[in-house]
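The values are calculated or read from the model by the stated rules, or taken from the named source; none is laboratory data. Just so it is clear, the model here is predicted, and its values are computed rather than measured. A quick note on method: Cβ atoms are made from the backbone with ideal geometry, for glycine too, and the neighbour counts reach across all protein chains shown.
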């Protein structure tokens with residue numbers, strides 16, 4: 001992932017007949033999930049994403065901030081400047097609307113992931129043309 | 001006068017700060033974002049140095065992203081927060097004339113209501129035909145209100161919305177031009193009935209649409225129509241000029257090392 005793209009919403013995912021972007025909403029989900037465990041500042045969030053995804057989710061680190069600001073503007077995150085060892089950091093935490101949003105997004109993501117997993121597991125069967133399946 | 005070239009010598013925070021201001025983001029938001037990214041860079045550098053990385057500065061810059069690219073994406077995300085920012089063409093090309101038409105309708109309804117009340121209270125004649133002086137006065141008022149005041153107010157408010165949501169000066173001018181084009185179509189005139197020279201009538205005609213007052217290209221090119229077109233455009237130019245001044249002030253404040261001016265768009 002070169003950049004944390006603008007995120008979609010669960011409503012958008014569930015009401016649209018097509019879902020062209022499977023990663024829609026993933027950055028939001030990841031950030032909300034990490035911050036639901038404990039409050040963190042930007043650098044910690046980026047480190048946590050890289051560590052817990054095993055380095056799979058990589059991106060321009062500066063790009064996490066527009067996402068954090070957007071979630072904050074929506075009321076899903078709250079921020080506070082806190083002193084850390086002689087310096088200060090803007091620490092983010094999930095609000096109650098953010099927790100609700102996280103629950104919705106996580107449910108939707110599990111549904112999509114399960115459906116993709118189902119397709120992948122049935123891959124060999126899916127490759128057999130329908131007329132051959134009938135013949136067999 | 002300080003040169004913007006000095007900014008190349010400034011720390012990353014200030015450079016990004018200036019870039020965000022240059023892209024039209026509010027000074028408060030640009031400052032906050034730049035500060036957070038600077039904090040991030042400090043942490044990143046400390047960790048890289050602790051890990052013994054070669055050339056930690058370059059690695060940190062690479063991991064954070066190039067300033068211009070970063071600023072572009074931050075600005076894009078900021079603008080996309082609003083509906084107007086996500087749908088700029090619909091918002092600023094299609095909607096402005098519709099907003100003007102709605103404003104016209106609103107003003108007509110208000111004036112109609114006022115006239116009704118006035119007539120009901122016995123303060124004005126109820127007939128369609130009025131004395132010439134009365135008609136001339138109402139023609140002037142109609143021309144001023146419909147062709148200049150209302151479009152100017154609509155252009156002003158709409159232009160400010162454009163600046164606050166997208167910071168695009170081109171879209172401000174596009175929106176104001178759309179308002180001006182629609183505004184240049186209706187023509188206000190009054191006509192004295194030859195059979196009854198003591199009576200006159202106000203007319204609002206639209207080129208190519210009104211069988212009573214055949215329109216022509218010459219009408220569209222008249223000084224009044226040109227003024228109707230140019231009034232909203234002039235408002236747009238003033239808004240763009242003010243926005244340029246605001247950005248220039250903020251950039252100068254940054255290059256001076258002082259706080260940016262907190263001037264609303």
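Within the option set B:105, B:67, B:119, being assigned by TED's automatic domain parsing to the domain that holds residue B:138 and farther than 27 Å from residue B:151 by Cα holds for one residue only, B:119. Remark: residue B:22 falls outside the filter, which requires a residue to be over 27 Å from residue B:168 (Cα atoms) and either modelled with pLDDT of 85 or more or within 28 Å of the chain's Cα centre (by Cα) (or both).
Of everything in the stretch A:55-73 that is in a loop (DSSP other than H, G, I, E, B) and free of Cβ contacts under 8 Å to residues at least 24 places away in the same chain, the residue that is nearest to the other protein chains (Cβ to nearest Cβ) is A:55. Filtered by the rule that a residue be surrounded by fewer than 16 Cβ atoms within 10 Å (Cβ to Cβ), away from chain A (no Cβ under 14 Å) and assigned to a helix (DSSP H, G or I), the stretch B:44-100 gives B:49, B:57, B:58, B:89, B:90, B:93, B:94, B:98.
Against the condition assigned to a helix (DSSP H, G or I) and either more than 21 Å from residue B:61 (Cβ to Cβ) or more than 10 Å from every other protein chain (Cβ to nearest Cβ) (or both), how does residue A:51 come out, does it pass?
On the way: assigned to a helix (DSSP H, G or I): yes; either more than 21 Å from residue B:61 (Cβ to Cβ) or more than 10 Å from every other protein chain (Cβ to nearest Cβ) (or both): yes.
Judged against the criteria, residue A:51 is a match.
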